[in-house]
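J.: Structure in C-alpha cells, see below.
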Amino acid sequence: MGRTKASEPRARRSGRSTQDAGQNPRRLRRELESVEQEIISVEERITELERLMAEPELFTDPARSTPVVAEHTELSARLPQLNQRWEDLGNQLHESEQRERGAAV
C-alpha cells in the first residue's frame, strides 16, 4: 500500500539524483517501496524507544538508558532523510512514467 498525502511525513531528507535510480519505472517503484518499508520500520522503532523512554526507571540505569537514547537520536535524524528520499523517488517515478506515456504516443 502506498503512502498518501495525508500520511506523508513532513520531514525532508536528502536524495540521490535522477540518474542514480536509472529512470527505470520498475526500479524506481521497487526502490520507493523499499524506502517506504524502511520508513515504517524506523517509525515503529522510534515509537518503541519513546515508550521505553517514558518509563522513569529506565533512567536509573545509565548502562540501559544511554543506548536507548542514542538509538532514538540516530533514528530521529535518519527519518527526515528517508522521507526526503521517498518524496524524491515518487517525483522521479511520476516523471519517468510521464515520459514513457509520451514516448508511447
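All of the numbers you see were taken from the coordinates with simple rules; none came from a lab. Computed from a predicted model, the values in this text were never measured in an experiment. Ideal geometry is used to build each Cβ from the backbone, glycine not excepted, and the neighbour counts take in all protein chains shown.
J.: Based only on the alpha carbon positions, what is the Kirkwood hydrodynamic radius of region 24-104, in angstrom?
T.: About 14.8 Å for region 24-104.
J.: I've got another one for you. If you count, for each residue, the other Cβ atoms within 10 Å and average over each peptide, how do 82-91, 66-75 line up from highest to lowest? Don't jump to the answer; show the numbers that get you there.
T.: Values: 82-91: 20.3, 66-75: 13.5.
Ranking the peptides 82-91, 66-75 by packing returns 82-91, 66-75.
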